[in-house]
């Protein structure tokens, strides 16, 4: 129960930071994707189910506030959480290379998925412009923020796991 409450608060906090504070620190209208960092991190630390839950909740919150079509962002985050959850068994928590690599690949996948669902369906076909001006800079910015936030998320997960073990 404590984990679910902490996860909901963390999703809401990341959503608020992503949509307010990091929008003011955007570089060229590019801001990091904190919800993606959260989704991939907890998919790695806790598995597919947790990754899908975090992805769905964060994506739905984002869709309800900013999306024109409810469910598209949520669908992308759920897919990313599910796919990254496969690496749960080979995850070594002190090594930051794997989470950074998965977050970078997930951000590129998210950008391509968003391009396909939002722009390509409306007839905008300049993919390489979108890839070079939006997807790659966002991925770089997200990876830089990951280097700072991942350790905090790992610390929180360890603390929650210790609390769960004591209560059992």
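The values are calculated or read from the model by the stated rules, or taken from the named source; none is laboratory data. What you see is a predicted model; the values in this text were computed from it and never measured. For neighbour counting, all protein chains shown are included, and Cβ atoms are generated from backbone atoms with ideal geometry for every residue, glycine included.
For the range 137-150, check the following and say yes or no: at least one residue is assigned to a loop (DSSP other than H, G, I, E, B) and closer than 22 Å to residue 49 by Cα.
no
Out of all the residues in the range 126-138, is one or more buried (at least 16 other Cβ atoms within 10 Å of the Cβ), in contact with a helix residue (DSSP H, G or I) (Cβ under 8 Å, 6 or more places away or on another chain), over 17 Å from residue 33 (Cα atoms) and modelled with pLDDT under 95?
No: the range 126-138 contains no residue that is buried (at least 16 other Cβ atoms within 10 Å of the Cβ), in contact with a helix residue (DSSP H, G or I) (Cβ under 8 Å, 6 or more places away or on another chain), over 17 Å from residue 33 (Cα atoms) and modelled with pLDDT under 95.
Going by what's in this entry, would residue 153 be described as in contact (Cβ under 8 Å) with a residue 24 or more places away in the chain, assigned to a helix (DSSP H, G or I) and farther than 20 Å from residue 26 by Cα?
For residue 153, the condition - in contact (Cβ under 8 Å) with a residue 24 or more places away in the chain, assigned to a helix (DSSP H, G or I) and farther than 20 Å from residue 26 by Cα - is met.
Report whether or not residue 150 is closer than 16 Å to residue 39 by Cβ and buried (at least 17 other Cβ atoms within 10 Å of the Cβ).
Answer is yes for this residue.
Is it the case that the range 97-112 has a residue that's in contact (Cβ under 8 Å) with a residue 12 or more places away in the chain, crowded, with 18+ Cβ neighbours inside 10 Å and more than 16 Å from the chain's Cα centre (by Cα)?
Checking the range 97-112: not a single residue is in contact (Cβ under 8 Å) with a residue 12 or more places away in the chain, crowded, with 18+ Cβ neighbours inside 10 Å and more than 16 Å from the chain's Cα centre (by Cα).
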